[in-house]
1. Of the residues in the range 238-254, how many are at pLDDT 80 or above and within 19 Å of residue 28 (Cβ to Cβ)?
2. Is the range 35-44 home to any residue that is closer than 28 Å to residue 161 by Cα, in contact (Cβ under 8 Å) with a residue 60 or more places away in the chain and in a helix (DSSP H, G or I)?
3. Anything in the range 1-20 that is surrounded by fewer than 13 Cβ atoms within 10 Å (Cβ to Cβ) and either assigned to a helix (DSSP H, G or I) or under 17 Å from the mean Cα position of the chain (by Cα) (or both)? List them, or say none.
4. Spot the failing condition for residue 149; the list is (1) without any contact (Cβ under 8 Å) to a residue 60 or more places away in the chain; (2) closer than 30 Å to residue 278 by Cβ, and only one is missed.
5. Within the range 258-268, does at least one residue satisfy the condition of being under 30 Å from residue 59 (Cβ atoms) and at pLDDT 75 or above?
6. For the range 208-231, enumerate the residues that are at pLDDT 80 or above, in a helix (DSSP H, G or I) and touching a helix residue (DSSP H, G or I) at 6+ places or on another chain (Cβ under 6 Å).
7. Among the residues of the range 153-192 satisfying the criterion of being at pLDDT below 90 and part of a helix (DSSP H, G or I), which is nearest to residue 95 (Cα to Cα)?
8. Which of (1) modelled with pLDDT of 90 or more; (2) surrounded by fewer than 14 Cβ atoms within 10 Å (Cβ to Cβ) is the odd one out, the single condition residue 138 does not satisfy?
């Protein structure tokens, strides 16, 4: 989509085109630098979660390993963190199969089990039935695609029988659904080794208070604190705007307004990056000499 002209429509078509070309060259460089900062900010959390799950692999017990990841109030901005977790913990499926769940993808138990089984299975033969989808194993037996036996059969052909289920915005999930899933995972522990990760905006205590005590007894885990937004914002600011390699300098008034809005609205870091992108796009007209 072409850039709209600035200055109440007075910007010439030539300047609009030049600004667009400069932006397409410069912004990807800056965006990659910002992504590097965000990934580095998550590095310690990733290493801690990885160590915890490695230790859990050696632990022989019936309880489900659970990582409680305290993301702070801006959980919507933590997509990158859970993407990195999936990459680090489940690369190639050699250690485990990974499933990322958002509350919008889990309206009920059947739909959630379908997604878990689909995402955790590396290859399946799925066919439509009259009333329900059916998964066909190598022995020709058919399983409903929300039956964990289908997952069990699929994992027998994979390097690992472990499954990591990450509830990205766990506090938005229905309490009864979480309870049912945890109880199911526990009942299958001798066949499929489930681990769970919970993204938590408030605290572990408040989250656990939502669960039945009988359900909580099925879990053993650890808490992991993500680097909070203020610290990440400072790092992004230095890399994108104040660093020696910054390709464009933004004025102090504009920067002050961006930072103040970020603090007043308690917005996620992605909101700041989006605002920076818009500002970057607009100021390209000045660098273009228009």
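The values are calculated or read from the model by the stated rules, or taken from the named source; none is laboratory data. These numbers were taken from a predicted model, which means no experiment stands behind them. All Cβ positions, even for glycine, are placed from backbone atoms using ideal geometry, and neighbour counts span all protein chains on display.
1. Of the residues in that region, 0 qualify.
2. For the range 35-44, residues closer than 28 Å to residue 161 by Cα, in contact (Cβ under 8 Å) with a residue 60 or more places away in the chain and in a helix (DSSP H, G or I): present.
3. 13, 14
4. Of everything listed in (1) without any contact (Cβ under 8 Å) to a residue 60 or more places away in the chain; (2) closer than 30 Å to residue 278 by Cβ, residue 149 misses just condition (2).
5. No.
6. Listed by number, the residues that qualify are 208, 215, 216.
7. Looking at residues that are at pLDDT below 90 and part of a helix (DSSP H, G or I), I get 155.
8. Only one criterion is unmet by residue 138, namely (1).
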